[in-house]
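What follows is a set of notes on a single structure, which appears directly below.
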Amino acid sequence: MWVGTHPTQEQIERAKKELGLDQPLHMQFLIYMNKLLHGDLGVSIRTHRPVLQDILSFIPASLELVGTGIIIAVVIGIPLGVVSATRKDSWIDHLSRLFSIGGVSIFTPWLGMMGQLLFFKWLGVLPVGDRVSTSISIQYPIQRITGFYLIDSLITGNFVAFQDVLSHLMLPAFVVAAYPIGLVARMIRSTMTEVLEEDYIKTAKAYGIPKRTIAYRYALKNSLGPTITVLALSFAYSLVETFLIEMVFNWPGLGRYAAFSIISLDYPAIMGVAIFIALIYIFLNLIVDILQAFIDPRIRLT
Amino acid sequence: MVGFIAMFKSEKMKARLRELRYSIYILKRNKLTYISFIFILCLIVTAAIGPYIVPYSEDAYGAVHPEKVFQPPSLEHLFGTDDAGRDIFSRVVIGARISLWIGIVVIILTVSIGVPLGLVAGYMGGVIDEAIMRVTDMFLSLPPLLLALVFAAAMGLRGQSFNNVLIAIAIAWWPWYTRLVRGQVVSLKERPFVEAARATGISSFKIMFRHILPNCLTPIMVQASLDFGSVVLTAAGLSFLGLGAQPPTPEWGLMLSIGRYYFLNYWWLATFPGLAIFVTVLAFNLMSDGLREALYPKLRRF
């Protein structure tokens, strides 16, 4: 693949040198590890560009997608969880239970396709894929500052593009959110059920503090700990799930890059993406630990 | 096996039977669980006799009917026909066989790798424990879908047998069982009955598999039923990316992946295979939810 489908003997020899395949296996490994420690992930066999450069150019699109999805999950999931904890066995509790089990049972690319059918084909209100329409990107080009189109178009005052980007983002982001919404809601429900039995909540009730205030000011704060862990985990999970979602929405992000790399057996790129996601995962765990200590002063970082 | 039979005869077994009957009663009480349980039974029957009852069983494999491509759902073709004129209903029904097979094989593989390792790590402790658990941590630091993808890609891509995918998923999944079982064993091995067994001088091997393992079976079963759905989804995801089953296998993920190119004009191509995945996984998740409630009495008060 590096040299095309019909290489000459000479081309093969040169390619072997370029790729370091003339070295024995253990040397290849040592060279790879050495480069890795210096932040060099090697060169993609498919795109002939450094893997790190590829990843960095694709990651903002994915982070924008997954980040929006997680924000949607928080905005919908937390109130849903609070309501189902405070009004147990009401219809909204059952709905949230159905939602969460449905969310983890659904095949996300399929959900995306059904969304495309409904909102693009039948209702015609949302675009089918891509991050921005071609006409808009020609008429109102987005300056690349952070790589996040939403932020970029907003700070340059490019509102036409902002609207367009937002409408492109809606459907995939909701598809990403389908899985974490239910998890967040269930997590909040189960921890809050326990918290609501605590003595200080009874005290607050005895003082006559309104139920709403108790739920959101007192109980919710103390239920957030496990939810943050779940959120961080589902962030990493969603980052992999976008491998599939980005294929459906033709989203030029890390997931689509990884998927194409896997199909064409581009090992440096596959390894690079895997290492990159593992790093994000570890980094997220660190942040979670710090946040936990911040929310609950009883936990001390030792 | 002798031990199990002896257990059946003992007085204790009567108590256990009573408990089991109570669990079944609980299972029946939750209507949703009961329905999903019956649905799964139907699914198993369908998978077993599927090829003999569907109208166009030859369509599941290579058959091509150029004269009836893209026919919408009708009485003759309940779910319509696909890009090769094959009856989608027949393919979806026969696909149940493949998905159930994947789930069962992967769960058996993961349990048979993960559980013994967890037993050894928990019971032996010390260096062995450390070694096993650090390897486990390594695997757990990546989302399972990504791991499965990388392993499947590493084992080669095209022309390979479908079994590689099953092995790839199992490799990605076993650490969860190791961790689960180890946790159980660590608390169980301090119990008097283990101490008594050790005092009689039987081998560690026997203690682990005869005395400790039966006491870990409940959480393993719950976890396995919980994972079944995720395994089916992961396998579908791999096929969707072109890594798993190859055409013309009637695998649901693969049917979606091909349907992706046509579904905006012919909605039935993607809708029905995805619906089949959703309903199957949902049924397993609902059942495991109910199973957990039935088997863990502590949760019953909710």
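Here, each number is a calculation from the coordinates, and none is a lab measurement. Just so it is clear, the model here is predicted, and its values are computed rather than measured. Every residue, glycine as well, gets a Cβ built from its backbone with ideal geometry; the counts of neighbours run over all protein chains shown.
Looking at chain B as a GNM with Cα springs under 10 Å, which of B:F193, B:F240, B:F89 has the largest mean-square fluctuation? Residue with maximal mean-square fluctuation among B:F193, B:F240, B:F89: B:F193. Ordered by the number of other Cβ atoms lying within 10 Å of each residue's own Cβ, fewest first, A:I70, A:I31, B:I40 fall into the sequence A:I31, B:I40, A:I70. Sorted on the mean count of surrounding Cβ atoms within 10 Å across their residues, most packed first, peptides B:101-112, B:274-285 read B:274-285, B:101-112. Longer than 28 Å from Cα to Cα, which of A:K88/B:K31; A:K88/A:K221; B:K14/B:K206; A:K202/B:K31; B:K31/B:K189 are they? Say none if no pair is. Exceeds cut-off: A:K202/B:K31; B:K31/B:K189.
Quick check on region A:53-123: take the gyration tensor over C-alpha atoms, sort the square-rooted eigenvalues as a ≥ b ≥ c, and tell me if it's rounded (a/c under 1.5), prolate or oblate. Since a/c reaches 1.5 but b/c is at least a/b, the shape of region A:53-123 is classed as oblate. The simple spin-label model puts a point 7 Å past each Cα toward its Cβ; for B:F193 and B:M138 those points are separated by 3.6 nm.
Ranked by the mean number of other Cβ atoms within 10 Å per residue, highest first, peptides A:119-132, A:174-187 order as A:174-187, A:119-132. Helix B:268-295 and the longest principal axis of the C-alpha atoms of chain B enclose an angle of approximately 20°.
So, counting K/R as plus one and D/E as minus one, what does the shell of residues with Cβ under 10 Å around A:A269 add up to? Its environment carries a net charge of 0.
FRET efficiency for the B:L32 to B:I53 pair, using the beta carbon distance and R₀ = 30 Å, is estimated at 0.65. Applying 1/(1 + (r/R0)^6) with r as the Cβ-Cβ distance of B:L264 and A:I138 and R0 = 22 angstrom yields a FRET efficiency of 0.35. Shielding value for A:259-267 is 4, the average number of Cβ atoms from other chains within 10 Å of each residue's Cβ. Counting 0.36 nm for each residue step from A:K211 to A:R87 and taking away their Cα separation leaves a gain of 43.5 nm.
With both labels modelled 7 Å from their Cα along Cα-to-Cβ, the A:M33 to B:H65 distance reads 5.9 nm. Here is what passes the span test in chain A: the DSSP H helices with alpha carbon length of 30 Å or more along the helix axis and a Kyte-Doolittle mean of 0.0 or above are A:51-86, A:159-195, A:220-249, A:267-295.
Counting, for every residue in A:109-120, the Cβ atoms of other protein chains within 10 Å of its Cβ and taking the mean gives 5.
Placing +1 on the Cβ of every Lys and Arg and -1 on the Cβ of every Asp and Glu, with nothing else charged, gives the protein assembly as shown a dipole about its Cα centre of roughly 2380 debye. For the segment B:134-146, counting C-beta atoms of other chains within 10 Å of every residue's C-beta and taking the mean gives 4.
Secondary-structure-derived ellipticity at 222 nm for chain B, considering helices only, amounts to -24000 deg cm²/dmol, per-run term -39500 (n - 2.57) for DSSP H runs with n ≥ 4. Where does helix B:126-140 land angle-wise versus the long Cα axis of chain B, in degrees 0 to 90, nearest 10? So the helix axis and the longest Cα principal axis differ by about 20 degrees.
Hey, what angle do you get for helix B:88-124 against the long axis of chain B, alpha-carbon based, 0 to 90 degrees rounded to 10? Value to nearest ten degrees: 20. Using the Cβ of B:F284 as centre and a radius below 13 Å, the other residues enclosed give a net charge of -1, where K and R count +1 and D and E count -1.
Net charge in the neighbourhood of A:K88 (other residues with Cβ under 11 Å of its Cβ; Lys, Arg +1, Asp, Glu -1) is +1. Using +1 at the C-beta of Lys and Arg and -1 at the C-beta of Asp and Glu, which of B:T234, B:G253, B:G290 has the Cα lying farthest in the positive direction of the dipole of region B:214-302? Farthest towards the positive pole: B:G290. In this Cβ point-charge picture (+1 for Lys and Arg, -1 for Asp and Glu), chain A has a dipole of about 840 debye about its Cα centre. Peptide packing: for A:240-249, B:174-183, the average count of neighbouring Cβ atoms within 10 Å per residue gives the ranking A:240-249, B:174-183, highest mean first. Neighbour counts of C-beta atoms inside 10 Å place B:D129, B:D82, A:D152 in the sequence B:D129, A:D152, B:D82, starting with the fewest. In the frame of its principal axes, the protein assembly as shown has Cα extents of 76, 64, 63 Å, reported largest first.
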